[in-house]
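Novice: Let me begin by handing over the structure; questions about it come next.
The values are calculated or read from the model by the stated rules, or taken from the named source; none is laboratory data. Here the structure is a predicted model, which is why all the values come from computation and not from measurement. Positions of Cβ are generated from backbone atoms using ideal geometry, with glycine treated the same way; all protein chains shown enter the neighbour counts.
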Amino acid sequence: MSQDSDDADYVPRRMHRAPRHVGRTILLSCLMVVVCVLGVGGAYAGKLVSAVGQSQTLADNEVFPTNTDRPYKDPGDTSLNILLLGADHSASDEGLSLDASARDQRSDSMMMVHIPADRSKVYIMSVVRDSWVDIPGCGQAKINAALSCGGVPKLVETLEGLFGNKIDHVAMVDFQAFRDLSTAIGGVTVDNPKAFCAYKTTPSVCFDAGPIHIEGNRALKWVRERHAFPGGDYQRVRNQQTFLKAVFKKVLSPEVLASPNKLFDVVDSVMPSLTTDAGLKDPAFLVGLGVQMKNLRSTDIISFTAPTVGSQRINGQDAEILDMNAVAAIGKALKNDTMDEYYATIKDQEEANGKAQSGRAG
């Protein structure tokens, strides 16, 4: 299978049956906002649970593989692996079916989130969309072609096969939620490595270098942009990670946590645009997880990108080649719930890579 997702005329379509815009992967923001706020105060739990109920739910066969050879997970293993998924919507606003038979889909960005059993950290691993992988039953292609091969279940199957670990939950969110979330918390301040403009979509929208405040549509533009960077998707992924950390810091700040009304506004603004598997919408599960993670701080959110060994031209496409030794190490860390030990081995290199990519941006 050979599918080129870099076609200049191609615009990824939306990822939900209903006619809704599915957006960039601020999915972790949406999920963790709910998780964290639900543990803040029982007096508001009912109101928050009601807000959570606005999210959309997908049946298990719409998000998980139905084959029986999925990776085994010990019933006593209480760690969580969550796939956070998003894609740009089409200019025509046509819906994108999650049906496994769909053939015209692309996953524009994805994050694997690991929450350890002790709930002390949240590890966010971005997987660049041009990663060249084996898609079961479809052959080798960029990982963002998995959806066109067999919908979300095929993407889950691909990632589970790659890392050898079961994915417990899946979540997706749209653009409106992105804008509303950043607005609900009054925007965030991020450190922009170099000045750039979103020249391919809206060249009049530009960002200065250094600390900048972004909110609403400007926040969306900052997180979506990739054409302005020689590092392309790598820099976009890092910008997404930077934004998420800023969101966590703001949501977990006294300014927000001390205001039940603001907390509700945050959750209420996001949930109507959030789509998850049924298990992730269970109020009892969310409340319990929120209580377990109520001491989480922004410094406990750790992000990194699945390592690659370079780019390669394959079948006329520019692909990223994953570091399979690193993939194996990540899989082992996920299985043994030792992500802290794995991250310690790559922390310095990850930070160096971030500085290198930032230095080439603009």
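Novice: Hey, can you tell me all the residues within segment 180-200 that are surrounded by fewer than 14 Cβ atoms within 10 Å (Cβ to Cβ) and without any contact (Cβ under 8 Å) to a residue 60 or more places away in the chain?
Specialist: Matches in segment 180-200: T189, D191, Y199, K200.
Novice: Just give me the residues in segment 328-362 being outside any helix (DSSP H, G or I), in contact with a helix residue (DSSP H, G or I) (Cβ under 8 Å, 6 or more places away or on another chain) and either at pLDDT 95 or above or under 19 Å from K73 (Cβ atoms) (or both), in sequence order.
Specialist: Correct list: T338 only.
Novice: Any idea which of (1) touching a residue at least 60 places away in the same chain (Cβ under 8 Å); (2) surrounded by fewer than 17 Cβ atoms within 10 Å (Cβ to Cβ); (3) under 30 Å from N61 (Cβ atoms); (4) touching a helix residue (DSSP H, G or I) at 6+ places or on another chain (Cβ under 8 Å) is the one P260 doesn't satisfy?
Specialist: (3)
Novice: Identify all residues within segment 221-235 that are within 18 Å of the chain's Cα centre (by Cα) and over 21 Å from S298 (Cβ atoms); write none if there are none.
Specialist: Of the residues in segment 221-235, the ones within 18 Å of the chain's Cα centre (by Cα) are 221-226, 232-235.
Hits for segment 221-235 are K221, R224, E225, R226, G232, D233, Y234, Q235.
Novice: Only one of these is of a type in the set (D, E), in a loop (DSSP other than H, G, I, E, B), at pLDDT 90 or above and surrounded by 12 or more Cβ atoms within 10 Å (Cβ to Cβ): D88, D77, D118. Name it.
Specialist: D77
Novice: Could you grab me the full set of residues in segment 219-249 that are at pLDDT 85 or above and surrounded by fewer than 19 Cβ atoms within 10 Å (Cβ to Cβ)?
Specialist: K221
Novice: Do you know which of the residues in segment 168-202 that are among the β-branched types (V, I, T) and more than 23 Å from L252 (Cα to Cα) is modelled with the highest pLDDT?
Specialist: Within segment 168-202, the match that is modelled with the highest pLDDT is V170.
Novice: Is it the case that segment 279-287 has a residue that's over 19 Å from the mean Cα position of the chain (by Cα) and surrounded by 18 or more Cβ atoms within 10 Å (Cβ to Cβ)?
Specialist: Looking through segment 279-287, at least one residue is over 19 Å from the mean Cα position of the chain (by Cα) and surrounded by 18 or more Cβ atoms within 10 Å (Cβ to Cβ).
Novice: Here is a further query. Need pairs with beta-carbon distance below 8 Å; first residue free of Cβ contacts under 8 Å to residues at least 40 places away in the same chain and within segment 60-86, second outside any strand (DSSP E or B); sequence gap 6+ or separate chains.
Specialist: Listed pairs, sorted by first residue: T78/A117.
Novice: State all residues of segment 288-317 that are within 20 Å of the chain's Cα centre (by Cα) and under 22 Å from T345 (Cα atoms); if no residue qualifies, say none. Outline the logic, then answer.
Specialist: First, the residues of segment 288-317 that are within 20 Å of the chain's Cα centre (by Cα): 289-290, 293, 296-308.
S298, T299, D300, I301, I302, S303, F304, T305, A306, P307, T308 - these are the residues of segment 288-317 that are within 20 Å of the chain's Cα centre (by Cα) and under 22 Å from T345 (Cα atoms).
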